[in-house]
Every structure is written in C-alpha cells, then in structure tokens.
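The block underneath contains the structure these notes are about, expressed in structure tokens.
The values are calculated or read from the model by the stated rules, or taken from the named source; none is laboratory data. Just so it is clear, the structure is predicted and the values come from calculations on it, not from any experiment. Methodologically, a virtual Cβ is constructed for each residue, glycine included, from the backbone with ideal geometry; neighbour enumeration extends over all protein chains shown.
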Protein chains: 2
Amino acid sequence: MNLKQLSLMLELSQTTVSRALNGYPEVSEETRRRVTDAAKRHGYRPNPSARRLATGKAGMIGYVMPTGAAVDIDPHFVEFLSGLGDYARGHELDLVLSPADAQDEETTYRRIVANKQVDALYISAPYNADKRVALAHQLGIPFIVHGRSEGLDFDYPFIDIDNEGAFHDATRLLVQLGHKRVALINGDDTQTFAIFRERGVRRALAESGLVLEPRNIRSVAMTEENGYRAARRLLEGSDAPTAIVCSSLLMALGIVRAARDLNLTMPRDLSLVSHDDVFHWLKPEHFSVPLTTTRSSIRAAGARVAERLAARISGLEDGARGEVWPVDLVVRGSISGVR
Amino acid sequence: MNLKQLSLMLELSQTTVSRALNGYPEVSEETRRRVTDAAKRHGYRPNPSARRLATGKAGMIGYVMPTGAAVDIDPHFVEFLSGLGDYARGHELDLVLSPADAQDEETTYRRIVANKQVDALYISAPYNADKRVALAHQLGIPFIVHGRSEGLDFDYPFIDIDNEGAFHDATRLLVQLGHKRVALINGDDTQTFAIFRERGVRRALAESGLVLEPRNIRSVAMTEENGYRAARRLLEGSDAPTAIVCSSLLMALGIVRAARDLNLTMPRDLSLVSHDDVFHWLKPEHFSVPLTTTRSSIRAAGARVAERLAARISGLEDGARGEVWPVDLVVRGSISGVR
C-alpha cells in the first residue's frame with residue numbers, strides 16, 4: 001500500500017496523511033490516531049522522500065569535512081563523533097559528513113543548505129572571524145560552533161571549553177613552583193583554541209612579571225613528531241625552559257621522547273603539563289612519568305553539540321547562547337619545583 | 001520558479017524535466033539541452049527531495065556506527081574516514097553515519113535501507129559469519145565489506161589486507177633471527193583481522209617446528225594501557241618471550257613502556273614488530289627504538305572502498321569480487337638476533 005492508496009481509503013488528502021504520520025501539530029489527535037492505526041493495519045511504510053517533502057525535515061545533522069592530500073584529520077575527531085553518536089542514537093538523528101575541498105568549503109556549505117540535506121550543522125576548529133560561521137549565519141540554517149570565533153559582528157550559538165583559563169591555571173601552578181622559563185608548544189595558532197591557550201599562558205606569566213619569550217612558543221600540527229622536534233629545539237638552547245605546557249597528549253609523547261634523548265629526567269630537569277581531550281587509547285596517567293593535564297572530554301562536548309542541535313531543530317532552543325565549560329587541572333608526577 | 005512552472009513552460013511532464021536535469025538516459029540529448037538551458041535561464045534549482053523521488057539516488061554512502069557507553073571507537077576510524085572523504089569529495093558523494101545501539105545494529109540497517117537514505121553502505125571490522133554482511137546481502141543494497149568474514153554461504157564484495165601473510169612474514173623473520181619464544185599481542189580475536197593475524201603467526205612458527213603457546217597470546221582492545229599490561233604479564237614470567245608481534249602502534253607504545261619499566265633493552269632483550277595503519281600523528285620510525293612494522297595505509301583502503309561503492313552505485317561494478325592487498329614488512333631497529 002502506498003500513500004495515495006492509504007489516503008483514498010481514509011478519504012483524506014495525501015498531505016494530511018503524511019503530516020499525521022510525522023507528528024505535525026496541525027493534525028487533530030483523532031485524525032492522527034485514525035491514520036496511524038490504518039497505516040499499521042495495512043503495513044504502510046512512509047516513503048522517506050515523500051516524508052521529507054511533507055515535513056521538510058531530513059533527520060540529519062551535517063558536518064562539512066575538509067579533505068585533500070595535505071589535510072590530516074586529528075584523532076580528536078573520532079572522539080567527538082563518538083559523543084555525537086551517543087546522543088544522536090537515542091534521537092533518530094543521523095550524521096552527514098560532506099567532504100569538501102579544504103580550499104573551498106563554501107561551495108559545499110551552500111550545496112548542503114540549498115539541498116536541504118541536513119536540518120542543522122556544526123562547525124568545528126574555528127578561526128577568528130571564521131567565514132564558515134558567517135556563512136551559516138547568513139544562510140539561516142540552525143548551527144552550533146564547537147569552539148569560538150572572535151571578530152564576528154553578530155552573536156552565534158557555541159560550545160567551548162575555557163582554554164584560556166585552563167592554560168592560565170596550569171602556567172600559574174608552574175610559576176608558583178618557581179619556574180621562570182616556561183615554554184608553550186601549541187597547535188595551529190590560527191585556530192582560536194590555540195589563541196586562547198597562548199593568552200592564558202601569557203596572562204599567568206604577566207601576573208608574576210614574567211613574559212613568554214618568542215623563542216619559547218611553538219605552533220605546530222599536533223603530532224608526536226612535531227612535539228619531539230619542538231622540544232628538541234627548545235631544550236637544546238641556552239637558558240632552556242624548565243617547564244613546558246603543550247596542547248595535546250600526542251605532542252607530549254614526543255616531548256617525553258626528546259627529554260629522554262637529551263638525558264633529562266622528568267620532572268627534575270623538566271616539568272610538563274599537557275592538555276588531555278580524554279582518549280580511551282592513550283592516558284596521561286600511564287606515561288612513564290604520569291602527566292599533569294588540563295582535562296576536558298571532547299566526547300562529552302560532541303554529545304552536548306548533538307543535544308543542542310536537536311533542540312534547535314525542534315525549536316526548543318533559539319538565540320545565540322554561548323556555553324563555556326570549565327577545565328580540570330589534574331596534577332600528577334610530571335611537575336615539580338625548580339632545582 | 002518551481003518544477004511545475006518550468007514543466008508547464010516547456011510543455012513537458014515534471015518527470016521528464018526532473019530526469020533531464022538528473023542525467024537520466026531515457027531523455028533525448030535535445031530535450032535535455034532544452035531543459036537545462038531553461039532551468040539556467042530562469043534560475044531553477046531542483047528540490048533535492050523531488051530529485052530523489054525522480055532518480056531514486058541519494059548521493060550518499062552509509063555506515064552504521066555502533067555506539068553506547070561501553071563502545072570506544074578506534075582512532076583508525078578517522079584515518080579510514082579521511083580516505084573515504086578523499087575519494088567522495090571529487091564524486092559528489094556524502095557519507096551518512098547512522099549511530100546504532102551496538103547490541104542491535106540490525107534495526108538501524110533495516111531503517112536506512114527501508115528509508116532509501118543511502119545508495120550503498122560499507123561494513124567494517126567484520127566477525128566470522130557476520131550477521132551484518134548477511135543482512136546487507138539479504139536486503140539487496142549495494143555494499144562492500146572492509147575486511148573479510150568467513151563462514152558465510154554466499155560470496156560478497158570486500159577489500160582486505162593480507163593480515164595472515166603480514167604476520168606470517170613478520171614471525172618468520174623473527175624465527176630466522178633465532179627467536180623460539182614468540183608472543184602475539186592481538187586485537188579483539190572475535191574479529192577476523194585478528195583471527196588471520198594469529199593464523200599467520202602460528203603458520204610461521206609451525207614451519208620451523210615451533211608453537212604459539214597459549215600463555216603467549218593476548219587478545220585485548222588496542223590501547224596503550226592494554227599493550228603495557230599484556231607485555232608486563234608476558235615478560236615477567238619464566239621462559240618469557242624474546243620477541244613480540246603486536247597488532248597496533250598504540251599497543252606498541254605500551255609494550256615499549258613495559259620493557260623500559262622492566263629494564264629490558266630493545267632490541268637486545270626484546271624484539272618487537274607492530275602492525276602500522278599509517279597514522280600521520282604517530283610514526284613507528286620515531287619510537288625511541290624505531291619499530292619494525294607490517295605496514296598498510298588504512299586511509300588508502302578508505303579511498304578504495306569509496307571508489308568501489310561509487311562503481312557499484314552507478315552499475316559499473318557488480319558481483320562479489322574480493323580484493324586482498326599485500327602488506328609491506330618494513331625492517332627497522334626494534335628487532336635483532338637472540339643473544
């Protein structure tokens with residue numbers, strides 16, 4: 001039985017039947033019951049394309065995924081996806097990844113919005129004055145930013161962690177332990193998370209009359225190898241830093257390897273604090289010297305992004321609320337006072 | 001201008017106009033030109049839901065993603081996604097991740113097929129006699145298995161790497177170097193990749209009259225911590241193995257840490273070979289002792305899965321062709337002869 005046959009039998013229009021089956025409020029309770037009973041009795045399964053035409057809802061959350069030979073996706077992404085899935089599963093939402101040329105994401109954003117392929121989307125790893133955020137705002141599709149973008153002339157909904165506060169607190173603790181030469185091995189500093197982290201380190205140092213020397217800042221893609229290289233360069237110079245704050249456990253692996261190669265004992269010769277996104281497969285407490293970390297679960301953030309997107313799709317949330325999560329500072333053996 | 005208006009103007013049926021705009025072969029070249037010219041002139045943009053109704057193609061590849069509090073997704077997944085994206089981007093394919101209850105994936109498979117949400121799907125990390133493969137076969141949707149499932153009574157299309165050959169060759173090399181006590185730290189051995197790897201190790205040992213002792217096999221989720229724990233247990237016993245073959249770089253990190261904690265020098269006291277899926281963020285050549293690996297890019301596999309799915313959607317590929325990729329054995333400093 002198809003929609004037309006079901007409609008004829010019930011003496012209702014196809015639109016009414018379709019809306020009844022999809023929970024639209026315009027349909028009376030009595031009609032809805034009559035329609036759903038008949039659909040069940042006759043084994044009618046709505047055609048999803050017809051349903052989309054009737055309701056205008058795709059039941060999908062979108063993400064434009066930058067791709068290209070030069071583009072490497074961080075393993076953080078999989079934890080975030082897990083979190084999205086944790087929420088979306090219980091709410092009949094699917095997730096559409098639309099691969100885009102990293103040099104031209106705009107075309108893909110316009111396509112998925114024009115095609116009504118998704119009901120809402122999220123934007124991650126934002127830059128300042130992020131063009132994607134401006135575009136989503138202009139196109140009028142519901143969206144949430146995972147992270148923040150400064151320098152836009154409108155407000156927008158986001159979820160972020162307190163990157164500045166986290167790196168401020170970590171650095172302040174190192175300063176309290178007597179460290180004066182603190183270095184930062186950061187991620188891509190055109191992204192706002194890295195900008196906020198650097199700001200936190202600078203602010204904590206400034207509060208004690210110290211500065212973050214230009215030679216003590218490194219901004220690199222967050223891999224083990226880059227952590228190693230950056231740490232070698234920092235630690236081989238004269239007046240080498242006695243403490244490093246870094247933006248990823250993967251870089252921390254490389255920093256620990258560099259210290260070992262240089263015969264530095266941690267924490268005696270080098271203190272280290274790393275940010276930890278909470279990977280199940282690599283844990284800071286299981287490093288040779290357990291790592292002090294600023295900790296925030298990126299999986300939990302993914303679940304919250306899905307929850308808020310669902311609320312925006314159904315009209316339960318609107319406006320431009322920003323949400324900033326505090327970050328835990330977890331102290332373990334990788335830091336100590338200066339000798 | 002909508003489809004109806006465009007059709008009236010051209011004096012063609014809506015179906016013909018829609019098919020002309022979507023490249024269907026039933027429409028003559030002349031009509032197609034007339035329709036596309038008019039659509040362009042009048043700024044007509046096809047409604048994607050209407051287009052779906054006309055063509056029956058969603059332009060989407062599906063993946064049912066197991067989720068749940070107890071489910072952790074491996075970082076391998078993100079590399080595979082990158083590969084899918086590399087191909088899909090150039091071919092206007094999007095990827096739909098449908099989160100499913102890990103205890104009941106069947107419901108989700110049935111839903112996405114019934115809803116015609118995707119044109120094809122892939123199945124990853126198969127088990128023997130995998131129910132999902134049987135279900136996809138029965139439902140008649142185009143699919144590719146990434147990996148292999150034994151014990152099904154029909155053929156199906158797949159892409160796999162030669163896991164058995166890879167672990168056979170790695171073990172044979174260790175035996176040639178004089179190792180008699182070889183251990184295997186494997187992934188989840190209900191999955192076929194792990195079954196094939198164990199088979200390879202056993203076969204290589206058997207060829208030299210050796211056996212893989214039950215106490216020298218560990219099957220664990222592939223995390224740093226599990227690699228560490230498994231290696232501690234293996235190496236602390238009497239008659240400890242002199243060589244370990246393991247299924248993931250993440251476990252190798254833990255094995256190296258265990259060796260260090262036990263004051264074992266690699267490769268003098270312990271030889272290690274790891275499988276390497278080729279992560280950009282953790283490289284075997286950058287371990288303290290560079291690791292010998294069996295290497296195969298999981299990102300390349302993702303791209304190939306997308307390519308074959310696209311071919312199956314467009315009818316260029318059918319049948320049940322299996323494709324098995326050879327695996328490189330890359331020798332670095334982590335192996336040596338027995339003292």
Inspect all residues belonging to region B:301-322 and state whether any of them is in a strand (DSSP E or B) and farther than 22 Å from A:Leu250 by Cα. yes
All conditions in (1) more than 24 Å from A:Ser288 (Cβ to Cβ); (2) within 12 Å of chain A (Cβ to nearest Cβ) are true of B:Pro290 except (1)
Extreme residue, farthest from A:Asp72 (Cα to Cα), among residues of region A:180-219 that are among the basic types (Lys, Arg) and free of Cβ contacts under 8 Å to residues at least 60 places away in the same chain: A:Arg203
Residues being of a type outside the set (Val, Ile, Thr) and either part of a strand (DSSP E or B) or in the same structural domain as B:Met251 (by TED's automatic domain parsing) (or both): count how many of those fall in region B:95-113. 6
Would you mind stating whether B:Val64 is facing chain A (nearest Cβ under 7 Å) and on the phi < 0 side of the Ramachandran plot? no
If you go through region B:220-227 one residue at a time, do you hit one that is closer than 16 Å to B:Ile335 by Cα, in contact (Cβ under 8 Å) with a residue 24 or more places away in the chain and out of contact with any His (no Cβ under 9 Å at 6 or more places or on another chain)? no
Residue satisfying all of: in region A:312-338; closer than 22 Å to A:Arg197 by Cα and of a type in the set (Ser, Thr, Tyr); surrounded by the fewest Cβ atoms within 10 Å (Cβ to Cβ) among these: A:Ser336
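Listed here are the residues, each with its yes/no results for (1) among the small types (Gly, Ala, Ser); (2) assigned by TED's automatic domain parsing to the domain that holds B:Arg260; (3) under 14 Å from B:Met251 (Cα atoms).
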| residue | (1), (2), (3) |
| --- | --- |
| B:Leu177 | no, yes, no |
| B:Asn186 | no, yes, yes |
| B:Thr192 | no, yes, no |
| B:Arg202 | no, yes, no |
| B:Ala206 | yes, yes, no |
| B:Val211 | no, yes, no |
| B:Ser219 | yes, yes, yes |
Which members of region A:268-282 meet the condition of being touching a strand residue (DSSP E or B) at 6+ places or on another chain (Cβ under 9 Å), outside any strand (DSSP E or B) and touching a residue at least 60 places away in the same chain (Cβ under 8 Å)? A:Asp277, A:Val278
Give B:Asp130, B:Asp104, B:Asp119 a once-over and let me know the one that is modelled with pLDDT under 95, under 21 Å from the mean Cα position of the chain (by Cα) and either buried (at least 22 other Cβ atoms within 10 Å of the Cβ) or on the phi < 0 side of the Ramachandran plot (or both). B:Asp104
So is B:Asp239 charged (D, E, K, R) and buried (at least 17 other Cβ atoms within 10 Å of the Cβ) or not? no
Select from region A:24-68 the residues that are modelled with pLDDT of 65 or more and basic (Lys, Arg) and write down the one among them that is nearest to A:Leu309 (Cα to Cα). A:Lys57
Going through region B:114-136 in order, the residues found to be within 11 Å of another protein chain (Cβ to nearest Cβ) and in a helix (DSSP H, G or I) are B:Ala114
Counting only helices (runs of 4 or more DSSP H) wholly inside region A:145-251, the ones holding at least 2 residues that are touching a helix residue (DSSP H, G or I) at 6+ places or on another chain (Cβ under 7 Å), more than 30 Å from A:Glu307 (Cβ to Cβ) and within 14 Å of chain B (Cβ to nearest Cβ) are A:224-236
Enumeration of residues in region A:283-300 that are touching a residue at least 12 places away in the same chain (Cβ under 8 Å) and either in a loop (DSSP other than H, G, I, E, B) or at positive phi (or both): A:Phe287, A:Ser288, A:Val289, A:Pro290, A:Leu291, A:Ser296, A:Ser297
Among what's in region A:69-80 and is facing chain B (nearest Cβ under 7 Å) and not charged (D, E, K, R), pick the residue that is farthest from A:Glu307 (Cα to Cα). A:Ile73
Among the residues of region B:77-94, which ones are outside any loop (DSSP other than H, G, I, E, B) and either among the small types (Gly, Ala, Ser) or buried (at least 23 other Cβ atoms within 10 Å of the Cβ) (or both)? B:Val78, B:Glu79, B:Phe80, B:Leu81, B:Ser82, B:Gly83, B:Leu84, B:Gly85, B:Ala88, B:Asp94
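Table: residues versus (1) of a type in the set (Ser, Thr, Tyr); (2) more than 27 Å from B:Phe279 (Cα to Cα).
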| site | (1), (2) |
| --- | --- |
| B:Met65 | no, no |
| B:Gly68 | no, no |
| B:His76 | no, no |
| B:Phe80 | no, no |
| B:Ala88 | no, no |
| B:Tyr109 | yes, yes |
| B:Val118 | no, yes |
Here's a check for you: in region A:82-92, which residue that is facing another protein chain (nearest Cβ under 8 Å) and within 18 Å of the chain's Cα centre (by Cα) is farthest from B:Val71 (Cα to Cα)? A:Ala88
Could you list, in sequence order, all residues of region B:184-208 that are over 19 Å from B:Trp325 (Cβ atoms), crowded, with 21+ Cβ neighbours inside 10 Å and small (Gly, Ala, Ser)? B:Ala204
